[in-house]
Amino acid sequence: MSGSIGRTMASGKISTLNKFLMGSRVFASRTYSSTAKEMMTVRDALNSALHEEMSADPKVFVMGEEVGEYQGAYKITKGLLDKYGPDRVIDTPITEAGFAGIGVGAAYYGLKPVVEFMTFNFSMQAIDHIINSAAKSNYMSAGQINVPIVFRGPNGAAAGVGAQHSQCYAAWYGACPGLKVLAPYSSEDARGLLKAAIRDPDPVVFLENELLYGESFPISAEALDSSFSLPIGKAKIEREGKDVTITAFSKMVGYALQAAEILAKEGISAEVINLRSVRPLDRPAINASVRKTSRLVTVEEGFPQHGVGAEICASVVEESFEYLDAPVERITGADVPMPYAANLERLAVPQVEDVVRAAKRVCYRSSN
């Protein structure tokens, strides 16, 4: 699998975890970002968020395959083991069901686990704990049990890793009451949303994108402060426009912005909404935009049936149907398992030109 060099069997760590769950604590002093930066990679944004939240709250700990000695398959957990030690940065055996369940139990106890899946495709091994043990506990306990846990890792298609490592789980987890589902695009998204997720009292599924880890984005001085976080459930208007609304999340936000640049040269003003949060979905922001532009294109990597775009379409039809001047267009991945061959893989995921053509269609412009 891309980004991984073996999956280390970390024997002996479970006993360390048991000691930790019984009350062992490693207290670290709070640190603050003091150096202003103009650009930051998504990888560094996630890493810095983890560093600062672990420093600020001794209840936060990280666990997963290769998160410690190898410093993460994608180096998101780089430097954490050296700073916080093996009681708070725990290498696990190759058993997603095992360490996800232990993480949920730790959250019941009042700790704040951050559980890394090497890819969210492997979270299917742990879906019973994510849904039945974590998502439903607060409701089934009449509010007596909070489960402050974050499940994070790369989601969706990477490049040349086949169907077993390329599925988008936004719609899967977005359908489940009790979960919050976040999907950052930029470095500011990644940093602010991960901090919010760790601080939240409910279970959060945090869907990253492997191909964005090395991308650099401008980041504000405010976002570099250790107290910074973004509100869960609030979308961001990345680009204002008046002719068509384009909604997207994760890597597809970049594609939507590229499409908007192309459309602008042809006289079409596109408003691009970065969802940031799949559940809760910012329906007011989406509907307000559609009521302004009267047209909607949704973009996602996932499958078309029962997708995030389908839910957005339903929301707009229910709340803003009379404002629509054209049918809603949904741009999605193909309704097939991801092909391995590079030429077929490109055909199976949305491209910038697909978004451009859809926007032209809803604006009744020729797409030739």
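Among (1) 1.29; (2) 0.98; (3) 1.05, which is the computed Rg/Rh (Cα atoms, Kirkwood Rh)? Recomputing Rg/Rh (Cα atoms, Kirkwood Rh) here gives the entry labelled (2). Neighbours of residue 97 by Cβ distance under 13 Å: Lys/Arg scored +1, Asp/Glu scored -1, total -3. By DSSP, what percent of the beta bridges with both residues in the stretch 214-329 are antiparallel, rounded to the nearest 5? Percentage antiparallel, nearest 5: 25.
Counting only aspartates and glutamates at least 8 places from residue 234 when in the same chain, those with an alpha carbon closer than 12 Å to its own are 189, 282. Taking the longest Cα principal axis of the chain as reference, the axis of helix 352-362 is set at about 50 degrees. Computed over protein heavy atoms with a 1.4 Å probe, the accessible surface of the chain works out to 41 Å² per residue. Excluding same-chain neighbours fewer than eight residues apart, the aspartates and glutamates reachable from residue 112 by a Cα-Cα span under 15 Å are 52, 53, 57, 87, 200, 202.
The angle between the Cα long axis of helix 283-293 and the longest principal axis of the Cα atoms of the chain comes to about 20 degrees, rounded to the nearest 10.
Accessible area of the chain with a 1.4 Å probe: how many percent of it is carbon plus sulfur?
53 percent
For the chain, the antiparallel share of DSSP beta bridges with both residues in that region comes to about 20%.
Normalised Debye scattering of the stretch 55-159 at q = 0.19 Å⁻¹ gives log10 I(q)/I(0) of -0.93, counting only Cα atoms as equal scatterers and leaving out solvent.
The values are calculated or read from the model by the stated rules, or taken from the named source; none is laboratory data. Worth saying up front: this structure is predicted, and the values here are computed from it rather than measured. Note: ideal-geometry Cβ built from the backbone for every residue, glycine included; neighbour counts use all protein chains shown. With ligands, DNA and RNA removed, areas are computed over all heavy atoms of the protein, side chains included. Shrake-Rupley method; radii C 1.70, N 1.55, O 1.52, S 1.80 Å.
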